[in-house]
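One structure follows; several queries about it will come next.
The values are calculated or read from the model by the stated rules, or taken from the named source; none is laboratory data. Not measured: the values here are computed from a predicted model. Every residue, glycine as well, gets a Cβ built from its backbone with ideal geometry; the counts of neighbours run over all protein chains shown.
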Amino acid sequence: MSVTANELLAVMGARELRNDTTVFTGVGAPMMASVLAQRTHAPRLTMMVEGGVIGPTWKPGELPISTNEMRAAYRAQMLPPITDAFLLAQRGFFDVGFIGGAQIDRHGNLNTSAIGGYARPKVRLPGSGGANDIISLCREVIILTVHEKRRFTERVDFITSPGYLDGGDSRRRHGLLFGGVSRVVTTLGVFGFEPTSRRMQLLALHAGATVEQVRENTGFEVLVSPQLTTTKPPTDEELSILRMLDPKRQFIG
Amino acid sequence: MTIAPREYDFEAARLRLEAKPKTAGPKLVSLDDAVARVKDGDHLALGGCLFSRTPLALVWALLRRRPRGLTLSRNLICYEAEWGMVAGAVNKVVTSWMGIGLPWGLSRIQREFVESGRVAFEEWSHLGLGLRYRAAAMGVPFLPSLTMLGSDLMEVGGSKTVECPYTGRTLHAVPALFPDVALLHVQKADPLGNCQIDGYPHMDGDIARAASTVLVTAERIVSEDEIRLHPDRTIIPGFLVDALAHAPYGSYPHECYGVYDAEPEHFTVYVNGIRERGAAAVADYLERYVHAPRSHADYLALFGEARLSDAAARARMLTT
């Protein structure tokens with residue numbers, strides 16, 4: 001089966017999730033990844049969604065467009081007020097947080113606020129939403145994004161959501177005592193962060209992708225792990241679950 | 001620094017509340033009478049979230065009065081902010097995110113008005129804004145939190161950090177936000193203003209406690225007995241409420257949990273208009289949907305009975 005960008009992100013994202021854990025997820029590829037994990041290797045994964053939803057059982061063909069509409073709440077276990085939902089993350093109940101695509105730099109800092117200066121931006125973007133909270137409060141964060149040069153930039157114009165800030169221990173120095181970006185899953189490969197410098201490092205390439213291709217599509221110098229591996233392509237089982245969930249291909253493309 | 005001392009002045013906010021009558025008497029008024037309590041320059045906090053349980057009937061009635069100089073705050077703000085910008089009613093938006101959703105792309109109106117500096121856009125994280133309302137609901141000037149630390153969002157509103165007096169750790173002192181007026185839409189309320197919400201509570205409970213004046217619309221006005229039958233489901237007690245108006249389909253074409261679904265196709269037509277003609281399309285939309293109808297019922301008639309009942313049928317299917 002041929003694979004779309006979002007299918008690839010959903011499959012690779014799902015494989016990062018473990019059974020008996022909790023995930024703070026969003027709409028789009030993160031939502032597809034979370035449900036796919038539940039339906040394959042992680043049946044005891046609990047999902048939480050930003051609008052204040054715990055443990056939904058989404059209806060195939062009726063996946064939510066926003067994190068706070070009725071479809072997102074379908075057969076949920078609890079609908080807490082939004083502030084209380086996020087406070088569960090601040091307390092430390094969320095193992096993984098998923099964040100979607102954005103402008104990202106070598107230390108995993110994200111910008112979804114403004115290109116150019118904040119006060120008079122060249123392009124005003126929608127804003128943080130819960131992304132800043134998820135990256136500040138979850139035990140680890142996985143970023144899912146299409147790999148494009150304009151997204152992977154030397155320095156983000158504005159830090160909406162803090163990755164490792166200036167690298168090293170700067171995250172902790174700013175009071176962010178917990179969490180951090182563990183993985184950046186893109187359409188070319190899977191990245192981690194070198195433990196001392198906290199610079200982005202290529203860990204695995206997807207089938208068919210090359211290190212040169214990663215370099216060409218990245219606006220900063222990418223470290224390459226000495227143990228570079230290749231990911232297993234999406235299986236027919238994984239793809240058919242995604243297509244069953246989203247028969248109109250609204251989210252998988 | 002864009003936050004004003006008035007937003008977190010907990011002593012003044014407390015005194016405003018102490019000076020206010022807190023009656024267990026009737027609250028039911030017309031939609032027009034409810035929004036007549038909004039003054040030019042007020043900070044309005046809107047309930048719901050994005051296109052869910054938006055107090056659109058209140059926004060609709062308010063814009064008909066052509067207000068000026070308003071600040072709107074909402075956790076995730078939808079196109080009601082575009083209406084306010086294009087109508088010249090709003091000069092500041094406080095939110096964590098603005099748009100409709102992924103399928104509709106960036107808000108071209110937000111881009112036009114914010115990039116040109118005509119409207120101030122004060123961004124917080126979703127929890128950051130939630131804690132601002134929560135601090136105000138608790139009657140304190142700030143709440144300590146781990147969120148937003150180290151990010152450039154700290155600069156936008158002028159956030160400060162505080163050293164924990166026990167552990168010595170650095171925390172974000174999230175400043176309280178005491179809005180002048182809360183605009184809320186709920187599924188049911190009794191004539192005394194006791195409000196019950198089905199499905200998502202969003203931030204409505206905190207906003208009702210944080211604001212100086214609370215305006216509510218309800219899908220259904222029920223008897224006092226019906227509220228007393230399930231008092232555990234009351235999110236806003238009547239003595240917090242200043243005015244209550246009966247507004248069936250009061251969030252439409254946004255959704256109201258369990259009552260009607262949203263109308264994404266209507267959003268698409270609206271956004272396509274903006275893609276073709278920019279802010280002029282919003283101005284025409286406001287003329288047609290907000291100013292031309294003689295009543296809120298006439299506004300709903302523009303959508304037609306078939307669409308309204310179809311939206312209701314979809315909501316039943318999604319919540320049973």
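One line per residue, one yes/no per condition, for (1) in a helix (DSSP H, G or I); (2) in contact with an Asp or Glu (Cβ under 7 Å, 6 or more places away or on another chain):
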position	(1), (2)
B:Thr161	no, no
B:Pro179	no, no
B:Leu183	no, no
B:Gln187	no, yes
B:Gly205	yes, no
B:Arg209	yes, no
B:Arg220	no, no
B:Asp232	yes, no
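Here are some residues: B:Leu106, B:Leu50, B:Leu62. Which one is of a type in the set (A, V, I, L, M, F, W, C) and more than 11 Å from chain A (Cβ to nearest Cβ)?
B:Leu62
Mind telling me which of the residues B:Thr217, B:Thr213 ends up being β-branched (Val, Ile, Thr) and closer than 30 Å to B:Pro141 by Cβ?
Only one candidate passes the filter, namely B:Thr213.
If you scan region A:202-235, which residues turn out to be out of contact with any Pro (no Cβ under 9 Å at 6 or more places or on another chain) and closer than 16 Å to A:Ala14 by Cα?
The answer is A:Ala204, A:Thr231, A:Lys232, A:Pro233, A:Pro234, A:Thr235.
What do you reckon, is B:Ala312 in the same structural domain as B:Cys78 (by TED's automatic domain parsing), under 20 Å from B:Thr54 (Cα atoms), not in a loop (DSSP other than H, G, I, E, B) and not polar (S, T, N, Q)?
no
I would also like to ask the following. Here are some conditions: (1) under 18 Å from B:Phe10 (Cα atoms); (2) out of contact with any helix residue (DSSP H, G or I) (no Cβ under 8 Å at 6 or more places or on another chain); (3) not in a helix (DSSP H, G or I). B:Leu129 meets all but one. Which one does it not meet?
It fails just one condition, (3).
Show the residue pairs that are 6+ apart or on different chains and have beta-carbon atoms under 7 Å apart, the first residue being within region A:3-22 and in contact (Cβ under 8 Å) with a residue 12 or more places away in the chain, the second being among the basic types (Lys, Arg).
Taking only residues 6 or more apart or on different chains, the pairs are A:Glu16/A:Arg183; A:Asn19/A:Arg44; A:Asp20/A:Arg44.
If we keep just the residues of region A:200-221 that are in contact (Cβ under 8 Å) with a residue 40 or more places away in the chain and surrounded by fewer than 18 Cβ atoms within 10 Å (Cβ to Cβ), which is nearest to A:Lys149 (Cα to Cα)?
The selected residue is A:Gly219.
Residues to consider are B:Ala262, B:Ala243, B:Ala297; find the one that is in contact with a His (Cβ under 7 Å, 6 or more places away or on another chain) and small (Gly, Ala, Ser).
One residue alone meets the criteria, B:Ala262.
A follow-up question, please. Considering only region A:174-199, state which residues are hydrophobic (A, V, I, L, M, F, W, C) and more than 15 Å from A:Val146 (Cβ to Cβ).
Within region A:174-199, A:Leu176, A:Leu177, A:Phe178, A:Val181, A:Phe193 qualify.
Report yes if A:Glu194 is more than 26 Å from B:Glu155 (Cα to Cα), at pLDDT 95 or above, over 17 Å from the mean Cα position of the chain (by Cα) and not hydrophobic (A, V, I, L, M, F, W, C), otherwise no.
Considered against the rule, which asks whether it is more than 26 Å from B:Glu155 (Cα to Cα), at pLDDT 95 or above, over 17 Å from the mean Cα position of the chain (by Cα) and not hydrophobic (A, V, I, L, M, F, W, C), A:Glu194 comes out as yes.
Restricting attention to region A:160-186, which residues are in contact with a strand residue (DSSP E or B) (Cβ under 7 Å, 6 or more places away or on another chain) and facing another protein chain (nearest Cβ under 7 Å)?
Answer for region A:160-186, where residues must be in contact with a strand residue (DSSP E or B) (Cβ under 7 Å, 6 or more places away or on another chain) and facing another protein chain (nearest Cβ under 7 Å): A:Thr160, A:Ser161, A:Gly175.
Which one of these does A:Glu148 not meet: (1) under 16 Å from the mean Cα position of the chain (by Cα); (2) closer than 19 Å to B:Met154 by Cβ?
(2)
Every residue, every condition in (1) at pLDDT 95 or above; (2) surrounded by fewer than 20 Cβ atoms within 10 Å (Cβ to Cβ); (3) more than 10 Å from every other protein chain (Cβ to nearest Cβ); (4) in contact with a Leu (Cβ under 7 Å, 6 or more places away or on another chain), yes or no:
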position	(1), (2), (3), (4)
A:Tyr74	yes, yes, no, yes
A:Met78	yes, yes, yes, no
A:Phe86	yes, no, no, yes
A:Ala89	yes, no, no, yes
A:Asn111	yes, no, no, no
A:Ala119	no, yes, no, no
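One residue is enough: does region B:85-92 have a residue meeting the conditions assigned to a helix (DSSP H, G or I) and of a type in the set (A, V, I, L, M)?
Yes.
Something else about it: Going through region A:54-66 one residue at a time, which ones are under 18 Å from the mean Cα position of the chain (by Cα) and facing another protein chain (nearest Cβ under 8 Å)?
A:Ile65, A:Ser66
Please state which of the following conditions A:Gly97 fails to meet, knowing it meets all the rest: (1) in a loop (DSSP other than H, G, I, E, B); (2) away from chain B (no Cβ under 11 Å); (3) in contact with a strand residue (DSSP E or B) (Cβ under 6 Å, 6 or more places away or on another chain).
Answer for A:Gly97: the failing condition is (1).
Name every residue in region B:129-155 that is surrounded by fewer than 24 Cβ atoms within 10 Å (Cβ to Cβ), in contact (Cβ under 8 Å) with a residue 12 or more places away in the chain and at the interface with chain A (Cβ under 7 Å from one of its Cβ atoms), in order of residue number.
The answer is B:Leu146, B:Leu149.
What number goes with the only condition from (1) at negative phi; (2) within 14 Å of chain A (Cβ to nearest Cβ) that B:Arg288 does not pass?
All conditions pass for B:Arg288, except number (2).
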